Amino acid sequence: QVRLVESGGGLVQPGGSLRLSCAASGFTFSSYPMSWYRQAPGKERELVATVTTFGGSTHHAESVKSRFTCSRDNAKNTVYLQMNSLKAEDTDVYYCNVPAVNAWGQGTQVTVSS
């Protein structure tokens with residue numbers, strides 16, 4: 001059974017940083033690209049970043065390019081989202097996703113506020 005557990009969210013001031021983690025289990029982690037999405041209440045879920053199986057290639061949404069970095073550690077079955085220079089508009093619930101099997105974590109809240 002696929003299980004994804006996000007952590008690392010919280011309250012941070014504008015300009016600050018957070019690193020989200022997603023611990024994966026129940027499947028061969030290194031065989032699947034992984035993604036991060038985010039969603040605000042009443043809005044559609046937005047793709048933030050995707051990393052290929054061995055981390056050789058990443059894609060980041062225009063809104064987060066140069067600020068966010070998605071990476072993975074296949075030895076730890078974990079995918080990360082390093083978020084720098086955070087803005088108020090980055091406030092959302094962030095979700096880990098396995099696109100190939102449409103599996104989701106429970107989400108972690110990120111709030112950017114002074």
*Over the chain, with every protein chain in place, what whole percent of the accessible area is carbon and sulfur at 1.4 Å, could you tell me?*
47 percent
*Name the residue, out of Phe29, Phe54, Phe68, whose mean-square fluctuation peaks in a Gaussian network model built on the chain with Cα pairs under 10 Å.*
Phe54
*Debye, to nearest 20: dipole size of region 1-100, +1 on Lys, Arg Cβ, -1 on Asp, Glu Cβ*: 160 debye
*asked:* Return the Rg/Rh ratio of the chain with Cα-based radii and a Kirkwood Rh.
replied: 0.95
_Please give me the summed charge of the neighbours of Asn84: other residues whose Cβ is under 11 Å from its Cβ, Lys and Arg +1, Asp and Glu -1._
+2
_Range in the chain, longest, excluding exposed trypsin sites (Lys or Arg not before Pro) [loop by DSSP; at most 16 other beta-carbon atoms within 10 Å]_ = 1-42
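The values are calculated or read from the model by the stated rules, or taken from the named source; none is laboratory data. All values derive from a computational prediction rather than experimental measurement. Neighbour counts run over all protein chains shown; Cβ positions are idealised from the backbone, glycine included. Heads up: the accessible areas ignore ligands, DNA and RNA and are worked out on the full protein's heavy atoms, side chains in. Shrake-Rupley method; radii C 1.70, N 1.55, O 1.52, S 1.80 Å.
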